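Written below as structure tokens is the structure these notes are about.
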Amino acid sequence: MLAGAVFMAMSVTVWLRGSAALPLPGEEIITRIHSLATLYQTNSTLVLRTYLQLQGAPFSDINFSFPSWFENGLPTAAMGYMTWRCLCPADRLLQARQAFSAISEFFQLVRDDQMALNPKAYELHRLLEVAQRSSEALFSNLNDAMLILGYQSPSTQPEPLSWASTDDNTFKRKVRGYVVCREYGDWLTRVPKDMTRLKDTQNRRESAGQDRKDCCRS
């Protein structure tokens, strides 16, 4: 599964001769991001479940959930419907790109934490590595989408973590890992919806001859 996902992320889709129509480059990259996020959703569910099982109470308790826990520097996928619906195409891509950039860095810290807290949890270590690589692949494709669709992005992006994060106590490290795994899954649920909305918005504006950089207000 991982090999197929990486190949899918790194390669350009090949369209066979005789197909009905070739998609525009923008449509292709949006479709690829949608497919990748959907593909990675299964791993996100498994990594969260496996992570919680190995952290002890209260994390391992049946039906554990603590949606009010957040992590400084880690973008949350949560957003009001009307705010989400009216995001500019560039903002929709930029938010997802920033999220997976941060998530991939956070996953490295979570992996380091779990190597110390659960050194023999080999399956969890593997799942966290897959999640980190998947986040990096999505970040790369989202970055490509910004370029292909001609949207400007900040030249520099602040790092969400510092070396001081390594001094956190055991409980805080476990909380952070939970939030990272949860947000990873939430972003993978949101991104396909973002890409569907983005494609619909692009098509409507092109049909109406509108500037693609105008924000949705209706």
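The values are calculated or read from the model by the stated rules, or taken from the named source; none is laboratory data. Note that the structure is a prediction, hence the values are computed from the model and not measured. Counting neighbours? That spans all protein chains shown, and the Cβs are built from the backbone with ideal geometry, glycine included. Accessible surface areas use protein heavy atoms only, side chains included; no ligands, DNA or RNA. Shrake-Rupley method; radii C 1.70, N 1.55, O 1.52, S 1.80 Å.
Does LEU149 qualify as being surrounded by 17 or more Cβ atoms within 10 Å (Cβ to Cβ), at pLDDT 95 or above and either within 22 Å of ARG49 (Cβ to Cβ) or in contact with a helix residue (DSSP H, G or I) (Cβ under 7 Å, 6 or more places away or on another chain) (or both)? Write out each step before concluding.
Details: surrounded by 17 or more Cβ atoms within 10 Å (Cβ to Cβ): yes; at pLDDT 95 or above: no; either within 22 Å of ARG49 (Cβ to Cβ) or in contact with a helix residue (DSSP H, G or I) (Cβ under 7 Å, 6 or more places away or on another chain) (or both): yes.
Criteria not met by LEU149.
Restricting to the range 128-142, name every residue that is farther than 18 Å from THR189 by Cβ and open to solvent by less than 30 Å² (accessible area, probe 1.4 Å). First the steps, then the outcome.
Keep residues of the range 128-142 that are farther than 18 Å from THR189 by Cβ, which gives 128-129, 132-133, 136, 140.
Selection gives LEU128, GLN132.
Among (1) modelled with pLDDT of 85 or more; (2) more than 30 Å from PRO119 (Cα to Cα); (3) surrounded by 10 or more Cβ atoms within 10 Å (Cβ to Cβ), which single condition is THR13 missing?
In the conditions (1) modelled with pLDDT of 85 or more; (2) more than 30 Å from PRO119 (Cα to Cα); (3) surrounded by 10 or more Cβ atoms within 10 Å (Cβ to Cβ), THR13 misses (1) alone.
Of everything in the range 105-127, what is of a type in the set (S, T, N, Q) and not in a helix (DSSP H, G or I)? Give them in sequence order.
If we filter the range 105-127 for residues that are of a type in the set (S, T, N, Q), which is where we start, we get 108, 114, 118.
Of everything in the range 105-127, just one residue is of a type in the set (S, T, N, Q) and not in a helix (DSSP H, G or I), namely ASN118.
I'm told SER101 meets every condition in (1) under 15 Å from ILE33 (Cβ atoms); (2) without any contact (Cβ under 8 Å) to a residue 12 or more places away in the chain; (3) polar (S, T, N, Q) except one. Can you identify the failing condition by its number?
(2)
So how many residues does the range 46-91 have that are open to solvent by 80 Å² or more (accessible area, probe 1.4 Å) and either closer than 19 Å to TYR122 by Cβ or part of a helix (DSSP H, G or I) (or both)?
Selection size over the range 46-91: 5.
Residues being modelled with pLDDT of 95 or more, acidic (Asp, Glu) and open to solvent by less than 40 Å² (accessible area, probe 1.4 Å): count how many of those fall in the range 166-218.
Number satisfying all stated conditions: 2.
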